[in-house]
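One structure below.
The values are calculated or read from the model by the stated rules, or taken from the named source; none is laboratory data. Everything numeric in this text was worked out from a predicted model, so none of it was measured. Using ideal geometry, Cβ is built from the backbone for each residue, glycine included, and neighbour counts are taken over all protein chains shown. All accessible areas refer to the heavy atoms of the entire protein, side chains included, with ligands and DNA or RNA removed. Shrake-Rupley method; radii C 1.70, N 1.55, O 1.52, S 1.80 Å.
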Amino acid sequence: MEEYDDDKAVDLMLKALNGKENVQYDDVCQVLDLIFDYYEESGELEIDADGDDTDVEAMIAFIEKHMKKNAPSCGFTRDDIAAMVDAEIAYEESLI
């Protein structure tokens, strides 16, 4: 079983943005960090957590909320965030 690789996740998330201009690697890292913050706050990182019940819409809203406080200069839209979340989840699932 392959281990989770942050760099691979960020690369896939960048690709999901289809060449959106002005996006820096660190901007996407910030979104990845927020994905894991969501997992932690929602209890999905707990050993007994059921991995099949991630509320993707709630995750996107969580990321949007936090991005408003500290938004990267590239200005991610909700669609950008959704594309990155989908790419990250697809990467996670590819490791199972």
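I'd like to check something: does region 16-31 contain any residue that is more than 13 Å from Asp80 (Cα to Cα), surrounded by 14 or more Cβ atoms within 10 Å (Cβ to Cβ) and out of contact with any Pro (no Cβ under 9 Å at 6 or more places or on another chain)? Looking through region 16-31, at least one residue is more than 13 Å from Asp80 (Cα to Cα), surrounded by 14 or more Cβ atoms within 10 Å (Cβ to Cβ) and out of contact with any Pro (no Cβ under 9 Å at 6 or more places or on another chain). Scanning region 54-96 for residues that are in a helix (DSSP H, G or I), over 22 Å from Met1 (Cα atoms) and open to solvent by 70 Å² or more (accessible area, probe 1.4 Å) returns Glu57, Lys65, Lys68, Lys69, Arg78, Asp79. Taking only region 6-43 into account, find how many residues are in a helix (DSSP H, G or I) and either touching a Cys at 6+ places or on another chain (Cβ under 8 Å) or over 24 Å from Asp55 (Cβ atoms) (or both). Residues that pass the stated criteria total 10.
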